Amino acid sequence: MNWYCLCTFLFAATVQASIDGVVINRSTNQPQPGVNITLVKPGQQGMQTIGTTVSDATGHFVFEKDQPGGGPQLLQALYKGVNYNKLMTPNIPTSNVQLEVYEATKSPAVAREAQHMMLIEPNASSIAVSENVEIVNDSTTTYNNPSVGSLRFFLPPAANGQVRVQVQGPQGMPLPRAAEKTETEGIFKVDYPIKPGETQFEVDYALPVGSPFTYRGEVVGIKGMPAGPLRLIAPAGVTLAGKDLQSVGTEPKTQASIYTVIASGAFSADITGVGSLRPPETTEADQSDSPQVTEGQPQVYRHLGWLLGLALSILAVGLVFLYTTSPVRAPYGK
């Protein structure tokens, strides 16, 4: 073989490099055989399937060649009804890849609601409602129960069934998800596996204005999944009032008011004033855009600053309360 043929061979081998690795079950920390794996490449026409395979008895898999032309590719493993993805960018080695999967359970007890906040933003034409829920799974098992769902929420009749849901799983992209009706009128569910780590849900809808206006909602959760209190957030210039609410305080940076819903089921909040925490130049566009897959962060991350601030403010208020009411704050009875 002359040098020209050798160089041509090496170039072809580089262009059509193989991808090989092993599927690791992180619930057992053992290689997982029999897992269906697909190699896909994003493109202008959507996801293009390059090849499919199944992990062998030792958990190993191999794709003889990937897609030439550079760009990211995606390994997708289907295990126990749940898809697990690994993004393969050009700078990631394609040999000895570890593709992680987990055992699955239908018990919601492995997950918990870490944060549950509802932002209410009235303006002259409508009232925008954004419900943000962070669910944390500290176990090594994925919660997956399509019949029950991973999130349940109440949608007021005035929304006319128009709602937008976005979900972002651990180290994943934000994706739109369908809101499905349940057996209870006004209660919807979102089916999305809760993998180990943090999963963010955002539920957005709009209601017609009224004067005065009373928001009527309901505290909804998944039976068996621990949940904390629902916090209502009102921007500066907006006041919420009602027997079902307890004022927590004001977030210093945005001057947003924080309320805790003390009712365990249905609740109401009288709304006065107008205000918004969203940048003025994006508010209308955000409300009018139809659901779509994007590579950016979900809308909840546009509020990340005030969400963190509100969470810290809530913790600070709780610490002050505990300190002032503690019988041991003054040592030796002084």
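The values are calculated or read from the model by the stated rules, or taken from the named source; none is laboratory data. Bear in mind the structure is a predicted one, so any value in this text is a computation, not a measurement. Note that we place each Cβ from the backbone using ideal geometry, even for glycine, and neighbour counts take in every protein chain shown. Accessible surface is based on the protein model in full, side chains and every heavy atom, while ligands, DNA and RNA are left aside. Shrake-Rupley method; radii C 1.70, N 1.55, O 1.52, S 1.80 Å.
Observations
- The trypsin sites (Lys or Arg not before Pro) found in the range 93-157 that occupy coil by DSSP, while having at most 13 further C-beta atoms within 10 Å, are LYS106.
- Low-density loop positions, trypsin sites (Lys or Arg not before Pro), the range 189-237 - DSSP coil, at most 12 other Cβ in 10 Å: LYS223
- Per-peptide average of other Cβ atoms within 10 Å, ordering 126-132, 224-230 highest first: 126-132, 224-230
- Alpha carbon centroid spacing (whole Å) that separates the range 52-124 from the range 232-281: 37
- Prolate/oblate/rounded call for the range 199-245, Cα gyration tensor, a/c under 1.5 rounded: prolate
- Heavy-atom accessible surface of the range 202-243: percent carbon and sulfur, 1.4 Å: 56
- For the range 127-227: rounded, prolate or oblate by the Cα gyration tensor [a/c cutoff 1.5]: prolate
- Most to least accessible of MET173, MET117 (protein chains only, probe 1.4 Å): MET173, MET117
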